[in-house]
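Here is the structure we will look at, set down as structure tokens.
The values are calculated or read from the model by the stated rules, or taken from the named source; none is laboratory data. Bear in mind that the values here come from a model prediction, so they are computed numbers and not experimental data. Glycine gets a Cβ as well: all are built from the backbone with ideal geometry, and neighbour counts include every protein chain shown. Surface accessibility is based on the protein's heavy atoms, side chains included, excluding ligands, DNA and RNA. Shrake-Rupley method; radii C 1.70, N 1.55, O 1.52, S 1.80 Å.
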Amino acid sequence: MTTHKVKALLLGLAMAIPCALAAADRPSVRALKITVLSTMLADGDELGEWGFAALVEADGKKILFDTGAKTDVVQKNLGTLELSVAEVTDVVLSHWHWDHIGGFMALRREAMKKDPTALARTHVAAGFFDPRRGTPPGIELNRMIALRPEYEATGGKFIVHERAVELQPGVWLTGPVPRKHPERNWSGDTRVITASGEREDTLADDMALVIDTRDGLVIVTGCGHAGVVNIVAHARAVVRPARVHALIGGVHLFRASYETLKWTAAKLSEAGVDHLIGAHCTGIETVWRLRDLLGLDRTRCVVGAVGQTFELGNGIDARTIAK
Ligand SMILES: [Zn+2]
Ligand SMILES: [Zn+2]
């Protein structure tokens, strides 16, 4: 073996060892609880609405994922469920749609009375603040454009992500999701105005939260407009190619044909999905069909309801109404 080849071999080994260690030492979340705060189905004293929000507790740190549709629904549900966001610093807004940002400013204003750092940092993906046009014409549909200076005036800060990022050990944001498969998981004919002109709004800013656990990935989506198969593929490419231990949130398949659902389930099966909480725009019949197609049972696949939880180690605590 020439000196050159020996050097190349040693260099290869030196590079391979840290990589192998890095994979083994990859931080994974040990304690995880996700509570649904906004969706259409509600029980007892909680309120339902067309929207989505969830509280994510990972290794003692809380993140608010989306804020519901109406100004006060998430706030009221937090009270009923005896939860608080006063100690939550970070908010994730999955995309610009009204049914995910409705409670945003009211929650910030209420929480900052107790602690000015509460809900003071908000994560969005690139494209989130782009102007949107549709029906009625000539009106700015993206309410976040007006809310941005209002939030910043309270001391809040937006972080716009161009790509995937690890927020805390084992907790990731996907950033904008590559559209590998031509899923069209959105409704309407909204247009987006970008630097390169006006075009159909494909919700380029749609992003998901991914938690890396010992049992696999837990993925939280708002509407899943990027396509649930694209989201799962991106999460597995960016974080690690593990099974999907749980998929929680809206995946905007409520109008999907049975053919689309069959294709979606087949693709999801390749990744392996152990639990599904189909909330918000997933659709009730879609949840039922996906349960069947994915071979899940009623303890592992339910229609999302306000107050419902998913806990690492314990799975889904479905409220009576959602079982
Ligand atoms: Zn939505
Ligand atoms: Zn949406």
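Dipole magnitude for the chain: about 840 debye, using +1 per Lys or Arg Cβ and -1 per Asp or Glu Cβ, origin at the Cα centre. Atom-type composition of the exposed protein surface of the chain places 55 percent of the accessible area on carbon and sulfur (1.4 angstrom probe). Using the heavy atoms of the protein chains and a 1.4 angstrom probe, tell me the accessible area per residue for the chain in square angstrom. For the chain, the per-residue accessible area is 45 Å². Between ALA153, HIS181, PHE104, the Cα set farthest toward the positive side of the dipole of the chain (charges on each charged residue's Cβ, about the Cα centre) is that of HIS181.
Applying a threshold of 27 Å to the alpha-carbon distances of LYS61/LYS114; LYS180/LYS262; LYS61/LYS267; LYS157/LYS267; LYS62/LYS113; LYS62/LYS114 flags LYS61/LYS267; LYS157/LYS267 as lying beyond it. Helix 258-271 and the longest principal axis of the Cα set of the chain meet at an angle near 40°.
Enumerate the residues in the range 144-185 having an amide nitrogen under 18 Å from the point lying 7 Å beyond the Cα of ARG255 toward its Cβ. The answer is 182-185, whose backbone nitrogens lie closer than 18 Å to the label point.
For the range 50-156, the Cβ-based charge dipole about the Cα centre amounts to some 240 debye (Lys, Arg positive; Asp, Glu negative; other atoms uncharged).
Spin-label model, ILE139/SER269: points 7 Å from Cα along the beta carbon direction are separated by 4.5 nm. With the Cα gyration tensor of the chain giving a ≥ b ≥ c as the square roots of its eigenvalues, does the rule (a/c under 1.5 for rounded; else a/b larger than b/c for prolate; else oblate) give rounded, prolate or oblate? Taking the square roots of the gyration eigenvalues as a ≥ b ≥ c, the chain is rounded.
Taking a ≥ b ≥ c as the square roots of the eigenvalues of the Cα gyration tensor, the range 189-263 is classed as oblate, since a/c reaches at least 1.5 and a/b does not exceed b/c. Convex hull volume of the Cα atoms of the range 240-323, normalised per residue: 88 Å³.
When peptides 180-193, 73-86, 131-144, 50-63 are ranked by their average number of other Cβ atoms within 10 Å per residue, the highest-first order is 50-63, 73-86, 180-193, 131-144. A simple spin-label model places pseudo-atoms 7 Å from Cα toward Cβ; at GLU150 and TRP98 they are separated by 1.3 nm.
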